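Let me begin by presenting the structure, written as structure tokens, before commenting on it.
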Amino acid sequence: MTAGTLAAEGFRPLRIALVGPPNSGKTTLFNTLTGGRQKTANYPGVTVERKSGRLRTPVGHTVELLDLPGSYSLRARSPDEAITRDVVLGRQAQEGLPDAVVCVTDATNLGQHLRLLLELRQLGRPLILALNMMDLAQKRGCEISTEALSRQLGIPVVTTVAMRKSGVRDLLGQIDTLLNQTPTGGGAAAIDDWVEPSPDAIRAYHREVERLLPEAVVREGAPERLTRRLDRVLLHPVAGPLILIALLFLMFQAVFSWAEAPMDWIDGGMAGLQQWLSAYLEESLLKSLLVDGIVAGVGGVVIFLPQILILFLFILLLEDSGYMTRAAFLMDRLMSAVGLNGRAFIPLLSSFACAIPGIMAARTIAHPLDRLVTILIAPLMTCSARLPVYILLIAAFVPATTVWGGIGLQGLVMFGLYATGIVGALIVAGVLRLTLLRGGRQPLLMELPSYKWPNPVNVLLGLWERAKIFMRRIGTIILSVLIVLWFLSTFPAPPDGATEPAIYYSFAGLIGRALEPLLAPIGFNWQIAIALVPGLAAREVAVAALGTVYALSGDEGTVVEALTVTLAQSWTLATALSLLAWYVFAPQCLATLAAVRRETNSWRWATFMFVYLMTLAYIAAFVTYRVALALGGG
Amino acid sequence: MSGHGEQERQLFELGRLVKAGLTQPLSLMRRGGVGRILAVRSSDGDREVERGLLEMGFVEGACVEVLHYGLLGRDPLAVRINQTMTVALRRGEANAVLVGPLLDQTADARSSASQEGRPL
Ligand SMILES: Nc1nc2c(ncn2[C@@H]2O[C@H](COP(=O)(O)OP(=O)(O)O)[C@@H](O)[C@H]2O)c(=O)[nH]1
Ligand SMILES: [Mg+2]
């Protein structure tokens, strides 16, 4: 009985895993083979993303394909590499041994990529070698004999061009051939006996590759020149960092200017929905929950989708083109001064959109301490959920004048808030590395892949994935928070003859007023105290909460306009600055805390993060308030 | 697999180069410098750095070329291995890699290697 017939009889789908070094083209291959039929989930317990997708082979087998994190060796160095190892060795609970492994290698870099294949071959399991990027290899005049290689290795070898349907035909055919063979059932012993290769074992793999290559490589291609030329500028000690700064500037500029129009559309759509619901539903608690609680709240969050997607568009482009590792290279020295790894640059950059993907991206950092520090400072990067509060307060309190020839004061304050977060993060990282999280550092050791044109399919599928994750978050955590909030700020109802807005008498009002004495030293009045209660769960709801506190109604746009005027009249400048300082640091996002718990597998670090951020926020707000008062900002 | 005699010969060769002052750690090579790796050794107990270096292609006999240095403290370095793969690493790790001259020391082999000639 063949593996194919086993599956045809419905026992289980055949599973094939894509394994290979980073940047060998696994994800591109995966996208071409599965198209849109893919889903991302998390491995239980470790939350490394598990990307799987379905495909049908020409003969008609249904195969479940797994895209595994890249790794140079089965000896895993980081949490995501550990997943690759565990899946390949069948140690991943609920996964079982894959029926076959496709080892994806970069044909232009076979000398370095074949070692992983040799390691995989040792396991004695069904294995196919895919020589990917064959188009690039050919362009450079490189010629490889798949027959010779196949004969030497004793496994099927195919060439692929991952982003073309025609470029994966051979691979599909080979998968069919493999599935139609009777499984040998071998390999179980070899897999159980697997141990991490010693340095000398790795040297032996090197020698084996050196022996194999001359017989398989018919003609060496010319080395790639474009990457060298580009790097001469992009990695130049002076020009390199300047270009990086310019790129980042362009990116944030785009996030704000490009997102404006789609944000207006979403705003308009939500306002329309609110009006329609208001007109259609009768006055009732349900209506209040739907209109004030859910639609207004969800609208306040969905509105960030364009900004998040634009930021991720840039990140995906930078990643797919190969520039991201250069950015890590350029930032490494600066970051190592505070005990961070250059690799941490990538997660921290994502955190400007939202801390959660940033925290998840920290998985690529091998050293547990490096990774923990990165996770702990990720929330200090100004995520887009802070923007509505920043924008509101800046509009209300900072005059729209220009300073030093053309630079707007408002923009300058905004920049200052971003910078405060970054500087704060660096200081926190440095302090943590000198105190709680002292000790071993991870070597940098990172491949700088050759530059490539980003593949549009990769980028679009990546964006789609981000959008789905974001919307799922809204559908789960944010929705539940909003319902609880609505409940807290609606009940109990105000007494007859109430003089204050209804929320004053509600549970939220009670909590806020109880907190007031604690917040008075940093200049917060009871209105802010109340708005902070919902803001603690998800900071983006705070503006809506302030609207409720000041008893303003209408759709979002008009509330914000009215709030700007109201706040400018009723708060002092010192209070406004203090609240801004608070917002730079305060841990106001349940989802982030939940992500930290998941990623570190303990509540300990989530709690630690909450406490340290809260303390920082309080101190920053206190100092800001007192200094502003002393300077006459009362 | 290199036999025992081969290993001894290599050790002898290494000693000769060290004595002649022709070796230096990768971390001290100047930008644009080329050479061949003579030894990869790390001082840490579990030889983690050594394994990491080996896995990224830094192995005895490989040809290296220092392409770039970072701005501050000339750290990190970007090194091209065997004309195909570029790897970034810090000076700390680069200290564990001992580099000597390219073995085929004729002047034109050296210059052709540094001009992106045939991979070695
Ligand atoms: N020219 C060419 N580029 C490819 C090929 N396969 C992948 N790429 C590009 O190589 C880069 C890395 O690919 P990716 O799939 O992200 O690699 P992964 O890290 O193994 O998942 C991307 O820019 C791809 O567009 C190929 O066969 N030919
Ligand atoms: Mg990938």
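The values are calculated or read from the model by the stated rules, or taken from the named source; none is laboratory data. Predicted model, so just to flag it, every value in this text is computed and none were measured. Don't worry about glycine lacking a Cβ; one is built from the backbone with ideal geometry, like all the others, and counts go over all protein chains shown. Accessible surface is based on the protein model in full, side chains and every heavy atom, while ligands, DNA and RNA are left aside. Shrake-Rupley method; radii C 1.70, N 1.55, O 1.52, S 1.80 Å.
Dipole of region A:3-219 computed with +1 at Lys/Arg Cβ and -1 at Asp/Glu Cβ about the Cα centre; of A:S145, A:S52, A:L117, farthest Cα towards the positive end is A:S52. According to the Cα-based calculation, Rg over Rh for chain A is 1.03, with Rh computed by the Kirkwood formula. Label-to-label distance, A:E196 versus A:L230, with points set 7 angstrom from Cα along the beta-carbon direction: 3.5 nm.
Projecting the Cα atoms of A:L18, A:W194, A:A100 onto the charge dipole of region A:3-219 (Cβ charges, centred on the Cα centre) puts A:L18 farthest toward the positive pole. Here the mean projected area of the convex hull built on the C-alpha positions of region A:95-224 is 8.9 nm². Around the amide H of B:L102, modelled in the peptide plane, lie the amide H atoms of B:R36, all under 5 Å away and 5 or more residues distant in sequence or on another chain.
Extension gain, A:L510 to A:W453: 0.36 nm times the residue separation minus the Cα-Cα distance gives 14.8 nm. Residue separation times 0.36 nm, minus the C-alpha to C-alpha distance between A:I391 and A:L479: what's the value? Length difference between fully extended and current span is 29.3 nm. Lys-Lys pairs in chain A that are eight or more residues apart or on separate chains and whose Cα atoms lie under 25 Å of each other come to 15. Computed from Cα atoms alone, the Kirkwood hydrodynamic radius reported for region A:94-150 is 12.5 Å. Dipole check for chain A: with +1 at the C-beta of Lys and Arg, -1 at the C-beta of Asp and Glu, and the Cα centre as origin, the magnitude is about 1440 Debye. Computed extension length for A:Q569-A:E215: 119.3 nm, one decimal, from 0.36 nm per residue of separation with the Cα-Cα distance subtracted. Counting Cβ atoms of other protein chains within 10 Å of each Cβ in B:76-85 and taking the mean gives 6. Looking at region B:1-98, the pairs of alpha carbons with a distance over 17 Å make up 51% of the total.
Within the accessible surface of region A:3-219, defined with a 1.4 Å probe on protein heavy atoms only, the carbon and sulfur portion equals 50 percent. Do any GluC sites (Glu not before Pro) in region A:271-326 lie in a DSSP loop with no more than 12 other beta carbon atoms within 10 Å, and if so, which? Hits after loop and neighbour filter: A:E282, A:E283. Classified by the C-alpha gyration tensor, region A:3-219 has a rounded form. Its axis ratio a/c, with a ≥ b ≥ c, is below 1.5. Shielding of peptide A:111-121 by partners, expressed as the average count of other chain Cβ atoms within 10 Å per residue Cβ, is 2. If the Kirkwood radius is taken over C-alpha pairs of region A:443-569, then at 10 °C and 1.306 mPa s the Stokes-Einstein diffusion coefficient equals 90 µm²/s. In this structure, A:V238 and A:L289 have a Cβ-Cβ separation that, at R0 = 45 Å, corresponds to a calculated FRET efficiency of about 0.15. Carbon-plus-sulfur accessible fraction, region A:273-345 (probe radius 1.4 Å, protein heavy atoms only): 66%. From the alpha carbon centroid of region A:52-105 to that of region A:569-592 is 46 Å.
Length, then width, then depth: along the principal axes, the Cα atoms of region A:222-376 run 72, 34, 28 Å. Ligands, DNA and RNA left out, the 1.4 Å accessible surface of region A:417-478 is 75% carbon and sulfur atoms. Pairing chain A with chain B buries about 3900 Å² of accessible area. This figure sums both sides and uses a 1.4 Å probe. Counts of other chain beta carbons within 10 angstrom of each beta carbon in peptide B:64-74 average 5. Across the options A:T548, A:V533, A:I315, the greatest Cα extent toward the positive end of the charge dipole of the protein assembly as shown (unit charges at beta carbon of Lys, Arg, Asp, Glu) belongs to A:I315.
Per residue, the protein assembly as shown exposes 43 Å² of solvent-accessible protein surface, assessed with a 1.4 angstrom probe and all protein chains in place. With the gyration tensor restricted to C-alpha atoms of region A:514-631, the semi-axes of the equivalent ellipsoid amount to 26, 19, 10 Å, longest first. Counted over the protein assembly as shown, the DSSP beta bridges are approximately 65% antiparallel.
Simple spin-label estimate for A:A222 and A:E282 gives 8.2 nm between the two label positions (7 Å along the Cα-to-Cβ direction from each Cα).
Taken over region A:358-416, the convex hull of the Cα atoms encloses 104 Å³ per residue. Among the trypsin sites (Lys or Arg not before Pro) in region A:100-205, those placed in a DSSP loop whose Cβ has at most 14 other Cβ atoms within 10 Å are A:R164, A:K165. Relative to the longest principal axis of the Cα atoms of chain A, the long axis of helix A:456-473 makes an angle of roughly 40 degrees. The alpha carbons of region A:361-486 occupy a box of 48, 42, 38 Å along the principal axes, longest dimension given first.
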